[in-house]
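Notes follow once the structure below has been shown.
No value in this document is a laboratory result; all are computed from the given coordinates. Everything numeric here is computed off the predicted structure, so don't read it as measured data. With ideal geometry, Cβ positions are generated from the backbone for all residues, glycine too; neighbour counts draw on all protein chains shown.
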Amino acid sequence: MIRKKQKLFRLSEANQLLPEIGRRLKQIQQKKESYSLIHDELFMHDLVSSAERSNGFAEKDDLETRVRDLEQAIEGLAKDVEAIFATGCILRDIEKGRVDFPAEVENKRIFWSWELGEPMVRYYRHLKSKFSERILIPARLLKTAK
């Protein structure tokens, strides 16, 4: 398997992408909510239909249309997620809107870590740390990371 060379971001490059990434994350969150609603409706519909069938009631409904709506929501969500990955950053958490930007600072690989709503990238995390472990970028790194 051939892996594409991973883009490394300077801090300024990551910050320049935030408006676009933020817009896409909001779209993803909205689509995910829509997907979840449709999914829940279909699940409930399946339960009710199963009960109706077992009790001798079977009516034609718009299940096919609702399934198509779900498929479209999933496709739209997948396209937006792929668009974020295409920038070179990594979507870590849709609900929090957390994105990591691969970087190298002081000859060490790290991730700049940003969450939707933050005005700029202010955190980083080590390559092998948990996604939740975010460290405030110290002033000395801010100088070398631009």
Could you sort 17-23, 133-139 so that the peptide with the highest average Cβ count within 10 Å comes first and the rest follow in order? 17-23, 133-139
Hey, fewest Cβ within 10 Å first, where do Val67, Val81 land in order? Val67, Val81
